[in-house]
Amino acid sequence: MASSNPGETGGVSAQDYVHALTPIMTAVTEQIDGPIQQAAELMTKALRANGVIQAFGSGHSEALAMEIAGRAGGLIATNRIALRDLVLLGGESIEVLRGGELERDPSIARRLYDLAEPHPDDLFVIASNSGVNGSIVEFATVVKEKGHPLIAITSLQHTGGMDSRHPSGKKLIDLADVVLDNHAPFGDSVLDLPGDGGKVCAVSSITAALIAQMLVAEVLRRLTDAGETPPVYLSANIPGGDEHNHALEARYAGRIRRTA
């Protein structure tokens, strides 16, 4: 049986995971007075200009996009971009989604951007733990070519230990206006399996969700402090939730996928 005392065995248990995760979460929150404020200011400016927050992540980083776009308690003016858009909206065969190589393919990025049909005032949030894969770097390149503000959520430790997989040699952090560190270690996982079995139990999805909610909270603070009423989602599973959400989504008809 695993020890109930965190860190006592240096092994793998729920307590060990929480013990390892706690200082990482603390490190993430230490960005509140710096890059979190910078990113929230860019987001608020975009929303006031009738822009939409476009969120993109591939692999497990798609969880960040789901945390920002279409989430109860979050902002209405948000849109999630995903690799499967190539099939659902772009007419590609489902076969393109098989395997894990698609996120390394730079050629898909411009297609994904075009399928989203962003407006000039839209802002982009891109999440990638490594920040080096071809689709991510190319997507960020297109975003900046088109003149959009770009917020990156990545692991500075991981991206610092990797070479870019993009032909330009650039990484996500080289293109972003604001970089937020999810503080995941190299390889993402934090616990050691006994017998040199490698690292297990990843943290980037949890810390990215924390960053996303801190950003939303700071944007809402700015809007409410200015006397503005921000359009936010209610849970669809409470009375009146659907009616509330649909009425506000109508302001962005055709610009966020939930209205398509």
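Bear in mind that the values in this text are calculations on the coordinates, not laboratory data. Please read all numbers here as calculations on a predicted model, not as lab measurements. Cβ coordinates were reconstructed from backbone atoms using ideal geometry, including for glycine residues, and neighbour counts include every protein chain displayed.
Number of Lys pairs in the chain with C-alpha atoms less than 19 angstrom apart, excluding same-chain neighbours closer than eight positions?
Numbers: 45/144; 45/146; 144/170; 144/171; 146/170; 146/171.
Lysine pairs meeting both conditions in the chain amount to 6.
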Practice item. Select from 202, 93, 22 the residue farthest towards the positive end of the dipole of the chain; place +1 on Cβ of Lys and Arg, -1 on Cβ of Asp and Glu, and compute about the Cα centre. Key: 93
Practice item. Calculate, axis by axis, the spread of Cα positions in the chain along the three principal axes, and write the results as whole Å, longest axis first. Key: 56, 42, 34
Check your understanding: Using the alpha-carbon centroid of each, what span in Å lies between the range 83-161 and the range 34-69?
Key -> 14 Å
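How much length would be gained if the chain were fully extended between residue 144 and residue 168, taking 0.36 nm per residue of separation minus their Cα-Cα distance, in nm to one decimal? Let's see the in-between values first.
Details: separation 24, 0.36 × 24 = 8.64 nm, distance 1.44 nm.
That works out to 7.2 nm of additional length.
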Check your understanding: Using the membrane-span-like helix rule (whole DSSP H runs, Cα extent along the own axis of at least 24 Å, mean Kyte-Doolittle hydropathy at least -1.0), which helices of the chain qualify?
Key -> 204-225
Revision key, fill the gap. Measuring from its Cα centre, the range 31-259 shows a charge dipole (+1 at each Lys and Arg Cβ, -1 at each Asp and Glu Cβ) which, in debye to the nearest 20, is 300 debye
Check your understanding: Is any residue of the range 27-69 close enough, with backbone N under 15 Å, to a label point placed 7 angstrom from the Cα of residue 87 along the Cα-Cβ axis, and if so, which?
Key -> 59
Check your understanding: Going 7 Å from the Cα of residue 121 toward and past its Cβ, which residues in the range 135-158 have a backbone nitrogen under 17 Å from where you end up?
Key -> 147-150
Study note, to complete from the structure: Most packed first (mean Cβ within 10 Å per residue), the peptides 46-55, 226-235 order as 46-55, 226-235
Review point. Dipole of the range 31-259 (Lys/Arg Cβ +1, Asp/Glu Cβ -1, origin at the Cα centre): which of 141, 76, 156 lies farthest to the positive side?
Key: 76
Revision key, fill the gap. Proxy exposure order for 56, 186 (fewest C-beta within 10 Å first) is 186, 56
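For 113, 17, which order do you get if you count the other beta carbons within 10 Å of each Cβ and list the fewest first? Display every interim value, and only then the final one.
Numbers: 113 22, 17 18.
Least to most surrounded, the residues fall as 17, 113.
How would you rank 70-78, 121-129, highest first, on the average number of other Cβ atoms within 10 Å across their residues?
Values: 70-78: 20.2, 121-129: 26.8.
Answer by packing, highest mean first, reads 121-129, 70-78.
Using only alpha carbon pairs under 8 Å that are at least six residues apart, calculate the relative contact order of the chain and give it in whole percent.
On the way: 490 pairs, mean separation 58.8, N = 260.
Result for the chain is 23 percent.
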**Study point:** Packing-based exposure ordering (other Cβ within 10 Å, fewest first) of 214, 66
**Key:** 66, 214
